[in-house]
Every structure is written in C-alpha cells, then in structure tokens.
Amino acid sequence: MAPTYTMAGGKGPNSYSQHSTYQRALLEVAKEKISEAISTKLEINSASNRFNIADFGCSTGPNTFLAVQNIIDAVGQKYGKETQLNPDDNIEFHVLFNDHSNNDFNTLFQTLPPTKRYFVSGVPGSFFGRVLPQDSLHVGHCSYSLHWLSQVPKGIADRNSPAWNKDIHCTGFSEEVAEAYLDQFKIDMGSFLRARGEELVSGGLLFLLGSCVPDGVKMSETMKGMLLDHLGKCLNDVAKEGLINQEKLDSFNFPIYPAHVAEFKSVIEDNGCFTIEAFEKISHANEEFPLDPEFLATSNRVTFGGVIESRFGKEAMERTNELYEKKCPEILPELANAKSGMQFFIMLRRK
C-alpha cells in the first residue's frame, strides 16, 4: 500500500493547527464567493430538514471549522430568505470531516468549536475514492489538498527509467518527469471527481481551493518550487554528513503536483459530471510566504517534517530543518524575484 501523508498533528508549537494561517487566509477571502454561490446556484429542498456538508482533506483544524461554518451560514441565510423560517429550528446540519486514516482526528474533535450547531462525523479514508453514500451530499469542500497525489508516479524513483527524477519534486524542467507527474494527477483528480460525482446530489456544489501553477510557468520558477529545491539541497547536505543514505535519498520524491490551470480545467471537463460555475484566480494578504527564515522553516517542518521523519528518521529530519533555516538567508533574493503562483477558487455544480 502506498504511504499517506498528513500534516503535523497535535496542538503543540510545531503542529499544523498552530501554523496554518497561510491556508486560512484563502478561506477568509473566499467566504464572500462561497456565500454568493450558495445564494444563487444552490437549490435547497425545503421538504427535507437534513443538510450534509463534507470537507475533504480536513486535517486537524482550525481551518476546517471556518470552512464549514461559512457554508452553514450561507445555507441558513438562503433558507431563511426563501422560506421565512428560522434555519436553526428547521435544518439539521451534518458535517463530515474526511482525511487519511492516520490524520490526527483526536485533535480535530478535541478542538471542535463549543458553540457549533451541527452534528459531526469523522470519515477516515482517502478522498480519491468514494467515502460517503451515493446522492447523500449537498455541499462539498476541499482546500489545499488536491496537490497531494495518491502515490509517487511510476518510473520517478527508478534510475533506469527515462522519468527518473534526481530532484525531490516535479521542478518542471524535465519533460519526462513532468509527464509522469501529470499522468498521476489525471488519475487521482479523475478519481476524486468521479467519487464526488457519485456522492453529491444533483445540483449540489463542490468548492475547491488551493494552489496551482499558471500556464507557461515551471514549478521551480515559483516561490514554493524554489523552497522545495532548497529542501532538496538540505537533504543532500544531511546525506553528506552521513545521517541519510544517499541511495535512499536519490529514490525519494514527494507525491506533490500543483497542476497548471489548463491541466486542471481539462480533467474537470473530461470527467463530465460537473459544470464549471467558477474558475478564478483569488488573492489574499498571505498569497506569498513572508521572507522570514524562521517562518519558512516552521512551515516546512509542519508540512513535510512527518514525511521526512518517516522516511529517514527523526535525527535526520531535525538536522534537515536546522540547515533549512540556517541557509534560508542565502536564497531570499531568489525568492523575492520568483514568478507568481496562483491561488484558485473553483466552484463545480453537479449535473
């Protein structure tokens, strides 16, 4: 079975729950768009008092709570306007939090908002397959998750393959590597959309938020790509120190592929289950990471530390993060001149 990757759990100083303001900023700026979409595009069946919402790739919070509350507020407002009834008395909201089975669901449930007015369920399992009953979901949400692939693409870790990748991610500079990553993205994104197409009711809405790469731009020309290149160099330095086996490092790749805009649209159109109601670039205050070595090192540890530790051990992970922060000042001028990535807001409507 392919390994699964989750964000750092718990509530401590190195946890995702304490270091996810970057992701939260996109949720906050998307709130108005989601509210408007629900107001104008979602059909509410007033004959049914149950409304199901799912967040795919929920992690440990607190961002997932903000995401579902934004949806609940918008649905309640629309319901009240259309029926003249109080939604608190007439709608039973059920929220389903989905993520890999090794996600820290304990922290998620321990930190649920005390004032929540919805029922909750944890739904462990990969969102590349169906995790909910057919035609049971009214609104789905997925934020900063779709760049993670279900596995490292075939051939990437094989020295005898034309797609062998000496880097730790898809830099965009090797055509064979890029094709392998794109093929895996098409498989995974196609599976994700087919699953959501089965789960969502007709007319249901699916909101997708996250990062992609503008057409014509290579990943390693963006800040996020440069930071992954920096991480790769630090891992190689740790290997030279003897804490990581070099051969093992040479076969290591992150299953990450921030797709290009055209690639994203193509997979959605090929799926055929949805109409694209919106596919927009969306900006927020934290669009690019601050050029602060301490912040960048902490963000790296929260996101990738668990993967590195599981592959190379805790000592190697700690040393890598130490070098990452120590050497960050050397790449700050390069980061300052990076090409812009793209934060996206996609709204799909189930046919």
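Annotations
- Expressed to the nearest 5 percent, the antiparallel share of DSSP beta bridges inside the chain is 40 percent.
- At R0 = 45 Å, FRET efficiency that the Cβ-Cβ distance of Asp237 and Arg194 yields, to 0.05: 0.60
- Ligands, DNA and RNA left out, the 1.4 Å accessible surface of the chain is 47% carbon and sulfur atoms.
- In this structure, the amide hydrogen of Gly341, modeled 1.01 Å from its nitrogen in the peptide plane, lies closer than 5 angstrom to those of Met223, counting only residues at least 5 positions away or on a different chain.
- Label point distance in nm, Asp215-Arg50, each placed 7 Å from Cα along Cα→Cβ: 4.4
- Helical content of the chain, expressed as a calculated mean residue ellipticity at 222 nm, amounts to -14500 deg cm²/dmol (DSSP H runs of 4 or more residues, -39,500 (n - 2.57) each, divided by residue number, nearest 500).
- Note on Ile282 and Phe109: the extension gain reaches 59.3 nm, defined as 0.36 nm multiplied by sequence separation minus the Cα-Cα distance.
- Close amide H contacts of Cys58 (hydrogens built in the peptide plane, cut-off under 5 Å, sequence separation of 5 or more or a different chain): Asn98, Asp99.
- Per-pair calculated FRET efficiency, R0 = 22 Å: Ser266 and Lys31 via Cβ, rounded to 0.05: 0.15
- Label-point separation in nm, Arg130 to Arg311, each point 7 Å along Cα→Cβ: 3.4
- Residue (of His138, Val152, Val261) at the positive-pole extreme of the chain, dipole from beta-carbon charges: His138
- Per residue, the convex hull spanned by the Cα atoms of segment 72-149 measures out at 121 cubic angstrom.
- Close amide H pairs (under 5 Å, H built 1.01 Å from N) link Gly204 with Arg350, residues at least 5 positions away or on another chain.
- One chain, two ends: Asp73 and Asn337. Fully extended at 0.36 nm per residue, the span grows by 91.0 nm beyond their Cα-Cα distance.
- For segment 16-350, the relative contact order comes to 21 percent (Cα pairs under 8 Å, sequence separation of at least 6).
- Accessible surface, the chain, averaged per residue in Å² (probe 1.4 Å): 45
- In plain terms, the chain from Lys41 to Lys116 could stretch by 24.5 nm, reckoned as 0.36 nm per residue minus the Cα-Cα distance.
- Rounded to the nearest 20, the Cβ-based charge dipole of segment 16-350 about its Cα centre (Lys and Arg +1, Asp and Glu -1) stands at 400 debye.
The values are calculated or read from the model by the stated rules, or taken from the named source; none is laboratory data. Here the structure is a predicted model, which is why all the values come from computation and not from measurement. As a convention, Cβ positions derive from the backbone with ideal geometry for all residues, glycine included, and neighbour counts pool all protein chains shown. Quick note on the areas: whole protein, heavy atoms, side chains included, nothing else; ligands and nucleic acids left out. Shrake-Rupley method; radii C 1.70, N 1.55, O 1.52, S 1.80 Å.
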